[in-house]
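The values are calculated or read from the model by the stated rules, or taken from the named source; none is laboratory data. Just so we're clear, the structure is a prediction, and the values are computed from it rather than from any experiment. Glycine also receives a Cβ, built like all others from the backbone with ideal geometry; neighbour counts cover every protein chain displayed. Surface areas here come from the heavy atoms of the whole protein model, side chains and all, with no ligands, DNA or RNA. Shrake-Rupley method; radii C 1.70, N 1.55, O 1.52, S 1.80 Å.
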Amino acid sequence: MTKPQQFRQLLRSGRTEFLMEAHNGLSAKIAQEAGFKGIWASGLSIAAALGVRDNNEASWTQVLEVVEFMADATDIPILLDGDTGYGNFNNLRRLVRKLEQRGVAAVCIEDKLFPKTNSFIDSERQPLADMTEFAGKIKAAKDGQLDANFAVVARLEGFIAGWDLTEMLRRAHAYHAAGADALLIHSRKSTPDQVLAFASAWGARCPLVIVPTMYYSTPVEVFEAAGINLVIWANHSLRASIAAMQQACREVHRERSVRNLEDRVAPVQEVFRLQNAQELAEAEDRYLPRNGAAPKAVVLAASRGSELGEFTRQQPKAMVSVGGQPLLHKLAAQLRKEGVRDLVVVRGFAKDAVNAPGARFVDNDEHEATGELYSLSRAAVELEGPLVVSYGDILFRRFILAMLLATDDDLAIVVDAAWRERNSLNGFEDYVRATRPHTLQYCEDKVFLSAMDRQLPPETVHGEWIGLLKASAAGTQRLKLALQELATRPDFARLTMADLFTHLLARGEPIRVLYTSGHWLDVDSLEDLSRAQAF
Ligand code: SPV
Ligand code: MG
């Protein structure tokens, strides 16, 4: 159904339906997600969100721009609060055309004079429009619309301005005859008697719309019993956000910190979700060139990690939850943030339990009897172009990957110089000796790998490889060749990444070393896991 069709159905559903106020794309989306079937684009709220008064201070094209963002962000119909139509019949019919072009389902116009004032400010001093002139405006809007389902709601301000039911009915008949699809009966009383009296006198001649801002304590069953078709909650998202923002701003100013607020505000990830950032990431995969500068990543995630006990009974350690998210998902997000668009995961243990958004998978079904190089060789066809190879059980600060990707060396690895301070050494560390140790002084000379081995004598060790390797397109070809050569060895199935580096060194390939001091972790033990939760 088109949005105008949806709106028409709300007016004619035979039930009392509800519209929620919104004032920008974000609040419109939130209203839709909460379950509302339609949106009230409130003049008051849009003006307030723009920082101006509800007196036509924002121009009609500025309002049009806001409502276009709202329509783009949602799939449900929007009824725009068109105030008095921003001029005479001619301005209104042009507005209707523009609203139709921008996916807005309906407009509401009120029988006051331009520039209007909000109904709850000096209401009795506000003159009503001439009834005949206003009826002509409605007719012009209806004649001007291209989509037969676009709706024009005529809003009667008579009760607000102090007129009685007789005058309201006189005007209602005139606006109905002019073609209004529904009548909005506004009241500023704290009880609903005016709108109920009108509904009872008017009957079912056409749908009725109300705005219970002042008589908010009336149960909706009263409106249902009176046959009200549409109830508008006219400004409550705006007011909710004002209260929340005031509280947050005061607190942050007072405390000079956002520390205490963090748990009470929407996470940044929620902002991204509301913006549908995921769709863009997927579109980038489809439409941006892959084999330019963007590296591909191969993540080695085949091993179970039995040291983690219960946690890895039915899933490999790459899928263990860290801070509410599987390790592999976090790693994938970090890779994506640095521009990796193609992610290949080598899985083995409990492979059906392995997933990551947007990743492709390669299987090492011999994972129990094989090592890292065997896993990497499963992805041999993927070894093309610039490449990142990562262990599947590591997390690192963003700068580490950024620094690695920024090097122009064909092969580069990240080495932790603070390896002695790690409190969970377990004998499986890839110890590194380099052309020189890490120094805090700036030094122009590049550092290269001299040896990598789990058995290096501690006094000769300069650091520990963290499990991240970068290769340029040419470097990837060298990796591939080394892998093919090693594959002829009888013990190939048991070889590790350290064996690959040793082989590359023997072939005379320079491997750049980039030092870090901490800022990463791997998850080999339960102790590591609890540290990872806090990383
Ligand atoms: C609005 O939300 O802008 C309205 C409703 O027009 S009211 O503020 O009640 O007049
Ligand atoms: Mg308004």
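Rounded to the nearest 20 debye, the dipole magnitude of region 1-48 is 240 debye, with +1 charges on Lys and Arg beta carbons, -1 on Asp and Glu beta carbons, and the Cα centre as origin. If you plug the beta carbon distance of residue 459 and residue 337 into 1/(1 + (r/R0)^6) with R0 = 41 Å, you get a FRET efficiency near 0.60. Put a dot 7 Å past the Cα of residue 484, heading toward its Cβ, do the same for residue 247, and the two dots end up 6.5 nm apart. Atom-type composition of the exposed protein surface of region 269-533 places 52 percent of the accessible area on carbon and sulfur (1.4 angstrom probe). Evaluated over region 93-230, the count of Lys pairs having alpha-carbon atoms less than 23 Å apart is 13 (only pairs 8 or more residues apart or interchain). A 1.4 Å probe run over the chain, with the rest of the protein chains in place, finds 47 Å² accessible per residue. Between the C-alpha center of region 389-414 and that of region 1-49 there is a gap of 48 Å. Report the full-extension gain for the segment residue 406 to residue 265: residue separation times 0.36 nm, less the Cα-Cα distance, to one decimal in nm. The span from residue 406 to residue 265 would gain 47.3 nm if fully extended. Please name whichever of 387, 278, 508 sits farthest to the positive end of the charge dipole of region 269-533, dipole taken about the Cα centre and charges placed at Cβ: Lys and Arg +1, Asp and Glu -1. My answer, from the dipole projection, is 278.
Between residue 55 and residue 420, the FRET efficiency from the beta-carbon distance, with R0 = 60 Å, is close to 0.30. Dipole orientation for region 3-234: of the candidates 39, 183, 223, 183 has the Cα lying most toward the positive pole (charges on Cβ; Lys, Arg +1; Asp, Glu -1). Peptides 223-230, 429-436 ranked from most to least packed give 429-436, 223-230, packing being the mean of other C-beta atoms within 10 angstrom over each peptide's residues. Structural descriptor for region 75-179: relative contact order 31 percent, calculated from alpha carbon pairs under 8 angstrom and at least 6 residues apart. The long axis of helix 236-255 is offset from the longest Cα principal axis of the chain by roughly 50 degrees.
Looking at the chain alone, DSSP beta bridges between its own residues are antiparallel in about 30 percent of cases.
Determine the shape class of region 3-234: with a ≥ b ≥ c the square roots of the Cα gyration tensor eigenvalues, call it rounded for a/c under 1.5, and otherwise prolate if a/b is greater than b/c, oblate otherwise.
Judged from the Cα gyration tensor, region 3-234 comes out rounded (a/c under 1.5).
Could you give the distance between the Cα centres of region 483-529 and region 138-189, to the whole Å? Cα centres, region 483-529 to region 138-189: 76 Å. In percent, rounded to a whole number, the relative contact order of the chain is 11, using alpha-carbon pairs under 8 Å and six or more apart. Magnitude of the charge dipole for region 3-234, about its Cα centre and with charges confined to Cβ atoms of Lys, Arg (+1) and Asp, Glu (-1), is about 460 debye.
Tell me, what is the FRET efficiency for residue 170 and residue 143 to the nearest 0.05, using R0 = 22 angstrom and their Cβ-Cβ distance as r?
E(calc), rounded to 0.05, equals 0.40.
Label-to-label distance for residue 217 and residue 444 is 8.1 nm, based on points extended 7 Å past Cα in the beta-carbon direction. Placing +1 on the Cβ of every Lys and Arg and -1 on the Cβ of every Asp and Glu, with no other charges, gives region 269-533 a dipole of roughly 380 debye about its Cα centre.
Given axes a ≥ b ≥ c from the Cα gyration tensor, I'd like to know whether region 267-374 is rounded (a/c under 1.5), prolate (a/b larger than b/c) or oblate. Oblate shape, in that a/c is at least 1.5 and b/c is the bigger or equal ratio.
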